[in-house]
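Heads up: the structure comes next, in structure tokens.
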Amino acid sequence: MSHRRRSSSPRRRSGSGRHPGPPPAGLGEAVVTIDAVGGQGDGIARHGGVPVFVPQTASGDIVRVELRPRPGGGLDGAPRELLAAGPGRRDPPCPHAGACGGCVVQHLADPAYADWKRGLAVDALAKAGITADRIDPLVRIPPQSRRRIGLRARKTTRGGTSVVVLGYTEPRSHRIVDVATCSVAHPHLVGLLPALRALLCDRLVEGEAATVALTRLSDGVDLVLDMPRPPGLDDRMMLSDWADANDLARLSWRSAGTAPEPIAHRRAGTVLFDGIPVRVPPGGFLQATEHSEAAIRTAVTADLAGAGGAIADLFAGIGAFALPLARSHPVLGIDSHPEAIDCLLSAARGAGFGERVQGEVRNLFDRPLEAGELDGLAAVVFDPPRAGARAQAAALAKAGPPRVVAVSCRPASFTRDARILVDAGYRLTRMTPIDQFVWSAHLELVAVFER
Ligand SMILES: C[S@@+](CC[C@H](N)C(=O)[O-])C[C@H]1O[C@@H](n2cnc3c(N)ncnc32)[C@H](O)[C@@H]1O
């Protein structure tokens with residue numbers, strides 16, 4: 001998009017290629033004024049009474065757009081020219097902003113950005129008709145602190161030379177944006193990108209694709225490569241040398257849905273949860289930044305300090321909440337990932353409170369913790385994947401303890417589960433929105449329910 005009034009404009013967006021397949025036929029151009037920013041980060045204007053969704057715009061922006069029918073209703077407005085900037089706009093810090101689908105709202109300045117992010121929580125509750133006694137201010141997380149990133153890679157030819165395109169995908173597309181830098185990722189991870197590109201150029205053949213998961217642990221970087229074939233002897237030797245040269249903690253190879261196979265294992269691969277060392281399985285779940293993990297833990301544990309009795313941590317992972325809680329409470333940690341529960345239990349033993357922690361491998365979607373098992377618990381914490389925990393919420397509604405703490409990275413599934421609890425007599429006493437995924441439309445929530 002070109003910009004008449006500002007020297008440093010949002011990136012030019014042709015709009016073509018944003019949708020897989022050919023874009024729908026255009027309906028011509030229009031000049032619109034952005035009234036608000038929607039839940040997915042697009043600016044929303046009206047044209048002839050019809051909502052128009054315009055990416056990379058802020059409230060008050062006046063934009064010339066090319067209109068197209070929007071699947072599901074309304075119109076898509078591909079931005080062509082920013083005629084006047086609204087008060088909430090700024091120049092995004094990242095050179096890839098706009099093109100890269102990782103950050104959709106880098107162009108929003110504070111306080112517009114923080115208000116919009118916190119508003120996602122407020123709006124989600126309002127839409128579900130749920131009242132909270134208190135909604136905390138947004139907990140801010142610094143950029144350049146993301147400790148885990150997932151990238152796509154593809155080997156291709158440019159100007160007769162083989163190259164690897166490595167980065168995130170474009171918004172609503174599978175096309176990879178080749179990134180030289182990233183404003184949200186930790187610089188340690190960004191610093192590995194050139195060497196990774198060279199490695200993948202060597203290991204992939206023309207047209208092959210791979211995905212790359214980089215996680216910064218306390219004792220080094222853990223790399224999991226999803227490759228199109230099993231590793232050969234050559235791959236093993238080269239990757240092992242590469243892990244040495246780049247001082248990785250661990251490097252694993254995964255192909256065709258197999259478990260990641262560590263090829264170089266140079267250090268234990270641990271993190272500290274509130275000072276407690278825990279081994280992380282290759283590709284195992286960790287909250288996106290250390291700051292957000294600490295903020296979530298603080299919000300989870302704040303109201304549980306005085307809870308007398310045992311606490312269940314459901315969808316516990318390797319114990320980001322269970323282990324610190326076990327300093328003062330008996331804890332039952334449940335997760336479907338067997339290696340995660342192994343790591344949790346051995347960390348508890350190592351920290352000297354193994355007898356206070358029980359672990360169970362269990363699919364809580366199919367077999368939620370039910371009445372009988374829930375009896376006598378002082379509190380339950382649950383932190384499911386994006387799909388939420390409908391069955392577990394229903395079981396808690398029937399027989400849950402006086403206090404339930406829900407952690408969620410998806411307000412839509414959270415409000416569905418919260419509705420179940422509220423209908424069963426729980427009161428939402430506090431909600432803490434945490435900006436774990438800075439400049440994206442994702443929001444982390446911690447919510448405390450009591451009855
Ligand atoms: C959002 S993570 C939370 C992990 C942990 N609370 C933390 O903060 O590190 C969700 C966890 O749910 C687990 N999980 C996914 N599906 C599950 C299921 N059906 N039953 C039990 N656990 C599941 C995953 O293995 C993962 O550890």
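The values are calculated or read from the model by the stated rules, or taken from the named source; none is laboratory data. Everything quoted here is computed from the prediction, not taken from an experiment. Positions of Cβ are backbone-derived with ideal geometry, glycine not excepted, and every protein chain shown enters the neighbour counts. Side chains are part of the model used for accessible areas, which takes the heavy atoms of the whole protein and leaves out ligands, DNA and RNA. Shrake-Rupley method; radii C 1.70, N 1.55, O 1.52, S 1.80 Å.
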task: Return yes when Glu290 is open to solvent by 60 Å² or more (accessible area, probe 1.4 Å), in contact with a strand residue (DSSP E or B) (Cβ under 9 Å, 6 or more places away or on another chain), more than 8 Å from the ligand (Cβ to nearest atom) and assigned by TED's automatic domain parsing to the domain that holds Thr429 and no when it is not.
output: yes
task: Assess whether Gly220 counts as being surrounded by fewer than 22 Cβ atoms within 10 Å (Cβ to Cβ) and touching a Pro at 6+ places or on another chain (Cβ under 8 Å).
output: no
- request: Working only within region 354-375, note down all residues that are touching a Pro at 6+ places or on another chain (Cβ under 8 Å) and farther than 25 Å from Ala299 by Cβ.
  value: Val361
message: Name the single residue that is nearest to the chain's Cα centre (by Cα) among those in region 374-398 being closer than 20 Å to Gly319 by Cα and away from the ligand (no atom under 14 Å from the Cβ).
response: Ala379
- request: Could you check Arg254 against (1) open to solvent by 60 Å² or more (accessible area, probe 1.4 Å); (2) assigned to a helix (DSSP H, G or I); (3) in contact with a strand residue (DSSP E or B) (Cβ under 6 Å, 6 or more places away or on another chain) and say which number it fails?
  value: (2)
message: I'd like the full set of residues that are open to solvent by 10 Å² or more (accessible area, probe 1.4 Å), at pLDDT 95 or above and not hydrophobic (A, V, I, L, M, F, W, C), limited to region 328-338.
response: Pro330, Asp335, Ser336, His337, Pro338
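So that you can scan it fast, the table gives a plain yes or no per residue for (1) at pLDDT below 95; (2) near the ligand (Cβ under 9 Å from one of its atoms); (3) open to solvent by less than 30 Å² (accessible area, probe 1.4 Å); (4) under 25 Å from Leu214 (Cβ atoms):
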site	(1), (2), (3), (4)
Ala312	no, no, yes, no
Ala322	no, yes, yes, no
Ala340	no, yes, yes, yes
Ser346	no, no, no, yes
Gly350	no, no, no, no
Gln358	no, no, no, no
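Can you tell me how many residues within region 404-428 are more than 20 Å from the chain's Cα centre (by Cα) and open to solvent by 20 Å² or more (accessible area, probe 1.4 Å)?
Within region 404-428, the subset more than 20 Å from the chain's Cα centre (by Cα) is 404, 418-428.
Among the residues that remain, those that are also open to solvent by 20 Å² or more (accessible area, probe 1.4 Å) are: 419-420, 422-425, 427.
Count: 7.
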Residues of region 229-262 that turn out to be among the hydrophobic types (A, V, I, L, M, F, W, C) and either farther than 19 Å from Glu339 by Cβ or more than 27 Å from the chain's Cα centre (by Cα) (or both), as a count: 9
- prompt: Quick one: which of Pro401, Pro368 is farther than 13 Å from Ala316 by Cβ, away from the ligand (no atom under 14 Å from the Cβ) and surrounded by 20 or more Cβ atoms within 10 Å (Cβ to Cβ)?
  reply: Pro401
Residues satisfying the stated conditions in region 293-310, i.e. modelled with pLDDT of 95 or more, open to solvent by 10 Å² or more (accessible area, probe 1.4 Å), more than 10 Å from the ligand (Cβ to nearest atom) and not hydroxyl-bearing (Ser, Thr, Tyr): Ala294, Ala295, Ala310
query: Among (1) buried (at least 23 other Cβ atoms within 10 Å of the Cβ); (2) in the same structural domain as Arg416 (by TED's automatic domain parsing), where does Ala128 come up short?
result: (1)
- prompt: When region 233-251 is examined, which residues are found to be hydrophobic (A, V, I, L, M, F, W, C) and open to solvent by 80 Å² or more (accessible area, probe 1.4 Å)?
  reply: Leu233, Met237, Ala245
message: Tally up the residues in region 52-82 that are under 25 Å from the mean Cα position of the chain (by Cα) and part of a strand (DSSP E or B), please.
response: 2
